[in-house]
Amino acid sequence: MESGGEVRVLEQSRIFPTMGSAAAPPSLLLTFFDVLWSTSGPFRRLFFYDFPHPAAVFADSVLPKLKSSLSLALARFYPLAGNLRCSVSHDDVSEIGWTEGESLSFALAECDSGFHELSGDHARDVSKLQRLAPRPIWSGAAKPLLAVPVTVFPDQGFTIGVWVHHVACDDSSYTRFVKSWASACRAGEIVEPAAPLFDRMEIPNPLQLRSVNFIPGYENSGTREASTLASNLVTATFALGQEHIRRLKCWVMAKAGERNTTFHCSTVVVTCAHVWVCLLKTLGDAGDETAHFTFTADARDRLRSPVPETYFGNCIVPCFVEVKVSDLVGEDGIFAASEAIGKAIEDLKHGALKGVHGMCERWYHVTQKLPMTLTGSPKFKVYDTDFGWGRPVKVETVLQKTRAMYLQDSRSGDGVEIGLSFEQHQMDAFERHFLSGLKLLPE
Ligand SMILES: CC(C)(COP(=O)(O)OP(=O)(O)OC[C@H]1O[C@@H](n2cnc3c(N)ncnc32)[C@H](O)[C@@H]1OP(=O)(O)O)[C@@H](O)C(=O)NCCC(=O)NCCSC(=O)CC(=O)O
């Protein structure tokens, strides 16, 4: 089997947003949500595209289009072309924005082998995926918000990595930026999705958070990649097709009927429930301890004054779920997990900011308890990201720790894809639990 080869940097260049003669747009003050999510550091996704042509063809026909379209997309999503900074006049206010002369650092790398290996679903070294999407280094005042490392695998394909610091935006805005770039590359101009909205006047600030200063660990987001390579972990992708999702929902709803209870029972709910149960069994958690799961909900349409879908920035809230481990690893574990997750989603009907006053403390407390966490959402349809060379053969969110899962649409269109990282022996155990749990479901 081909293994991931050495990644050599071929080119470091700068991409300036195509601003024309317009004045630099104003910087954006951080909102309560941005400050809240700045603690999460960066998130990054790798898009793999088949391209069975020599490197010279890539350099002549793909690279110039990727760069010119990126410049157009950066003009539209201008804060991403700039930096995070603390206001000169007010130390307690942080902002993101682009000023004249700022540009994005663009790295092109080459790797001789491993495209098909790295774009598979089987267990792959996390560190090899990390090398395709290195972090930009934060040094001094320059705190870049975006990096887009591109790696060409001659005669095989190429990868586009998109690394965004969470202080800039959530996954909904991230996906809009990437799809705008893709559409500009495909069509020569941005044809979709709709332009982002930057107005922050209606964003509430219940905790009066305005600055990332003093947020523990946020400076570490700029440390060198080598120090954080997850060399002991592998990542694998699991598919859950529509038929299994249907059976999971039926089984859960039948149990709910027997117990005379109702709750929100969606694809996201039953998928997370199944993964949570398998993860606990894999890690050998047991007993009367409480297991924790945290996920995020889009708050745009869950605020007193709804925020448009196109709003750029963070507009998500954390949701907390807890269930006794013994209930989760028991016979009806998937039901117990589904009920708790479904009820947490239903609770959002009372407004995304219900309970906001204890939110930071609760989040800190739960983080100490090693929760399972969720990133991504099937509704973002990452496989529709077409730069002009077809749909990606794989989209991977790089997960550098265990107990984190990603959830996305599937390339085939049948159901969802789930990603997790574990040590190899744990991954083998997880796979056994995942498959045997599905086999037990009634037809
Ligand atoms: C709270 C939720 C997770 C609950 O999801 P659910 O799917 O259970 O519930 P829902 O009300 O949204 O959807 C109910 C049903 O409608 C369908 N549905 C909803 N929106 C849809 C859309 N745009 N297109 C097609 N179908 C859609 C769902 O598939 C589901 O049906 P069916 O059951 O058939 O599927 C979600 O509402 C939500 O807010 N999702 C966004 C979360 C988010 O932004 N995550 C990224 C965070 S940032 C990040 O990830 C980066 C990081 O932190 O690392």
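The values are calculated or read from the model by the stated rules, or taken from the named source; none is laboratory data. None of the values given here were measured: they were computed from a predicted structure. Please note: Cβ atoms are built from the backbone with ideal geometry, for glycine as well, and neighbour counts cover all protein chains shown. Surface areas here come from the heavy atoms of the whole protein model, side chains and all, with no ligands, DNA or RNA. Shrake-Rupley method; radii C 1.70, N 1.55, O 1.52, S 1.80 Å.
You will find that of Gly390, Gly355, the residue that is over 15 Å from the mean Cα position of the chain (by Cα), more than 16 Å from the ligand (Cβ to nearest atom) and not assigned by the TED database to the domain that holds Val191 is Gly390 and no other. Restricting the stretch 93-132 to residues that are open to solvent by 40 Å² or more (accessible area, probe 1.4 Å) and part of a helix (DSSP H, G or I), the residue that is farthest from Leu10 (Cα to Cα) is His116. Taking the criterion of being of a type in the set (D, E, K, R), over 20 Å from Val329 (Cβ atoms) and open to solvent by 70 Å² or more (accessible area, probe 1.4 Å), the residues of the stretch 259-304 that qualify are Asp301, Arg302, Arg304. Each residue in the stretch 43-58 was checked for being surrounded by fewer than 20 Cβ atoms within 10 Å (Cβ to Cβ) and touching a residue at least 60 places away in the same chain (Cβ under 8 Å), and 5 pass. Scanning the stretch 67-92 for residues that are open to solvent by 40 Å² or more (accessible area, probe 1.4 Å), free of Cβ contacts under 8 Å to residues at least 60 places away in the same chain and among the hydrophobic types (A, V, I, L, M, F, W, C) turns up just one, Val88. Counting only residues that are of a type in the set (Phe, Trp, Tyr), open to solvent by less than 60 Å² (accessible area, probe 1.4 Å) and either part of a helix (DSSP H, G or I) or modelled with pLDDT under 90 (or both), how many does the stretch 213-256 have? Final tally of qualifying residues: 2. Just one residue in the set Arg135, Arg186, Arg210, Arg200 is touching a residue at least 24 places away in the same chain (Cβ under 8 Å), part of a helix (DSSP H, G or I) and of a type outside the set (A, V, I, L, M, F, W, C); that residue is Arg186. Could you please let me know if Val317 is more than 14 Å from the ligand (Cβ to nearest atom), open to solvent by less than 10 Å² (accessible area, probe 1.4 Å) and farther than 24 Å from Gly415 by Cα? No.
In the stretch 279-300, the residues that are at positive phi form Cβ pairs under 7 Å with partners that are open to solvent by 40 Å² or more (accessible area, probe 1.4 Å), at six or more places apart or across chains, as follows: Gly287/Ser326. When Phe43 is tested against (1) touching a helix residue (DSSP H, G or I) at 6+ places or on another chain (Cβ under 9 Å); (2) at pLDDT 95 or above; (3) more than 24 Å from Glu110 (Cβ to Cβ), exactly one condition is not met: (2).
Restricting the stretch 137-180 to residues that are more than 15 Å from the chain's Cα centre (by Cα) and of a type in the set (S, T, N, Q) leaves a set whose member that is most open to solvent (accessible area, probe 1.4 Å) is Ser139.
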